[in-house]
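Every read-out reported here was derived from the displayed coordinates using simple, explicitly stated rules and does not represent laboratory data. Worth saying up front: this structure is predicted, and the values here are computed from it rather than measured. Cβ: placed from backbone, ideal geometry, glycine included. Neighbour counts: every protein chain shown.
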Amino acid sequence: MVTITDNAPASSLPPEIRKHFPFESRFMRVNGHRMHYVDEGEGDPVLLLHGNPTWSFLYRKFIPRLKDAGHRVIAPDHIGFGLSDRPAREHDFSLENHIANLAEFIRRLGLKRITVVCQDWGGPTGLACAVLNPGLFKAIVVMNTWAWPEPTAFHNGVFPWRMMHAPVVGPYLFQRRNILIERGLYLSVVHRERFVEEALPAYRYVMQDYDSRLLTRVFPRLIPLRPDDRSAATMGWLEQSLRNCTIPALIVWGKEEIVFPAHCAQRFKTLLPHAHGPLWVTGSHFLQEDSPQEICGHILDFLRDQENGRQP
Amino acid sequence: MSIEIVALAEIRTQNCRRIFVMMEDRLGHYPGFREALVEAFKLTPAHADGGAPGYFRAASGREYEVVFTSRSGHRFPSGLEINALVAGFDAIEPDATDEDLWRFLEWLIPRVGGEWTLEALKATGKVYKIPWA
């Protein structure tokens with residue numbers, strides 16, 4: 001278990017990481033777990049949601065840009081990631097618990113007129129919160145994620161995905177060898193040299209030991225492959241709910257994405273026919289690392305058009 | 001074979017420390033893995049009620065204890081813990097342990113069979129830079 005005391009986490013980040021992440025760390029107890037988040041600026045909130053195995057650091061270049069444009073920017077770390085608590089038991093985790101944690105986080109902050117920006121597991125969690133309380137949301141931005149029970153070809157394949165998190169193999173690769181941090185991230189960005197120099201130390205820093213990496217292998221097992229798998233019913237509910245969702249939406253997708261290929265962006269367009277996009281940017285799975293300024297520009301243009309009552 | 005399943009009587013447990021190296025909570029995530037371990041370690045339901053752990057010896061000569069765990073609502077064994085058996089106060093070498101555990105996976109995967117092939121394991125290991133893959 002990574003132990004981070006209540007009053008020390010911000011200063012515990014070493015200077016070489018802090019210089020890229022110069023934001024005040026805040027904490028909130030949510031469903032018994034301590035959740036870390038960044039909350040910067042004033043205005044209608046933009047909620048930035050990460051996935052596996054990243055944390056709010058993924059949005060370090062979004063935060064100042066969106067803040068300077070007049071938004072309150074909030075970026076939480078899911079429980080089990082970043083500077084949030086790391087429960088030690090696999091059975092503590094479910095998609096439904098993650099959704100409940102995020103819903104409680106939003107409720108406790110009293111957020112309204114939210115723009116949720118989500119990628120990877122930020123999608124199922126953030127979109128679920130949006131369809132549960134649509135009146136609280138001003139817009140949704142989906143990037144490299146999914147919201148339905150059927151797996152992609154990548155997730156259905158034994159090599160490498162299902163082998164990676166298979167019983168006994170998973171704890172070895174994800175927890176003893178830390179493969180998502182040490183290799184998976186690198187393979188899932190386009191600008192690799194920049195990533196290794198600037199970002200990898202921050203992702204490595206919060207996954208320093210076996211126990212701290214538990215969620216990196218639990219999340220993959222929560223992706224449903226068959227109709228009776230865990231999460232399948234919730235993902236089916238989410239897809240059906242999105243069909244009735246009228247919240248203004250923007251779809252941004254990485255041109256080099258292979259985890260959720262281009263057809264997933266088109267599937268979102270079918271689910272949300274009123275959505276603007278897909279807009280294609282340079283980016284593999286972690287497109288926030290590859291094209292942060294271009295994506296922020298798309299988000300700000302979209303929100304500006306919404307404010308002005310124009311269809312983008 | 002690089003992994004040898006051994007009986008308790010053949011294991012040096014006296015004056016040995018048990019050092020936790022890895023845990024699996026959901027052997028039933030893909031049921032073939034549980035079935036392969038049941039067969040290899042000759043587990044019966046009685047093992048869930050105070051039975052002995054399993055043991056294996058790696059080609060390196062290092063020995064490991066496999067504690068099978070049970071959880072209500074799940075078939076036994078629902079999980080396992082692997083502990084290194086280390087003499088006295090000797091230190092444990094993480095890379096050597098990791099190599100032994102990789103060999104354990106190479107031993108396990110063909111026993112699961114079907115779509116779970118040694119080639120797929122090794123290819124996955126190579127992508128993720130496992131030195132022994």
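Under the classification rounded if a/c is under 1.5, otherwise prolate if a/b is larger than b/c and oblate if not, where does the range A:223-263 fall, given a ≥ b ≥ c as square roots of the Cα gyration tensor eigenvalues? Mind showing how you got there, number by number?
Numbers: a/c = 3.70, a/b = 1.18, b/c = 3.14.
Verdict is oblate for the range A:223-263.
Starting from the Cα gyration tensor of chain A, take the square roots of the eigenvalues, sort them a ≥ b ≥ c, and report rounded, prolate or oblate (rounded when a/c is under 1.5, otherwise prolate if a/b is larger than b/c, else oblate). Don't skip to the end; give the middle numbers.
Values: a/c = 1.35, a/b = 1.13, b/c = 1.20.
Taking the square roots of the gyration eigenvalues as a ≥ b ≥ c, chain A is rounded.
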Ellipsoid semi-axes in whole angstrom, largest first, where each is sqrt(5λ) of the Cα gyration tensor of the range A:213-312: 27, 19, 12
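Give me the inter-chain shielding for B:18-30: mean count of other chain Cβ atoms within 10 Å, whole number please.
Numbers: counts 0, 0, 1, 4, 7, 9, 9, 10, 10, 2, 1, 11, 9.
Average per residue, whole number: 6.
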Pairwise label distance in nanometres, A:Glu16 with A:Asp228, each label 7 Å out on the Cα-Cβ vector: 5.1
In range of the label at B:Arg75: residues from the range B:6-47 whose backbone nitrogen is under 15 Å from the point 7 Å along Cα→Cβ: B:26-46
Lys pairs under 23 Å by Cα in chain A, provided they are eight or more residues apart or on distinct chains: 9
Computed helical MRE - 222 nm, chain A, DSSP H runs ≥ 4 contributing -39500 (n - 2.57), nearest 500: -9000 deg cm²/dmol
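Kindly identify chain B as rounded, prolate or oblate by the Cα gyration tensor criterion: order the square roots of the eigenvalues as a ≥ b ≥ c, call it rounded if a/c is under 1.5, otherwise compare a/b with b/c, prolate if a/b is larger, else oblate.
Working: a/c = 1.75, a/b = 1.03, b/c = 1.71.
Cα axes put chain B in the oblate bin.
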Amide H within-cut-off set for B:Thr69, under 5 Å, with H built and near neighbours excluded: B:Ser78, B:Gly79, B:Leu80, B:Glu81
Max mean-square fluctuation residue, GNM over chain A, Cα-Cα springs under 10 Å, options A:Glu256, A:Glu96, A:Glu197: A:Glu197
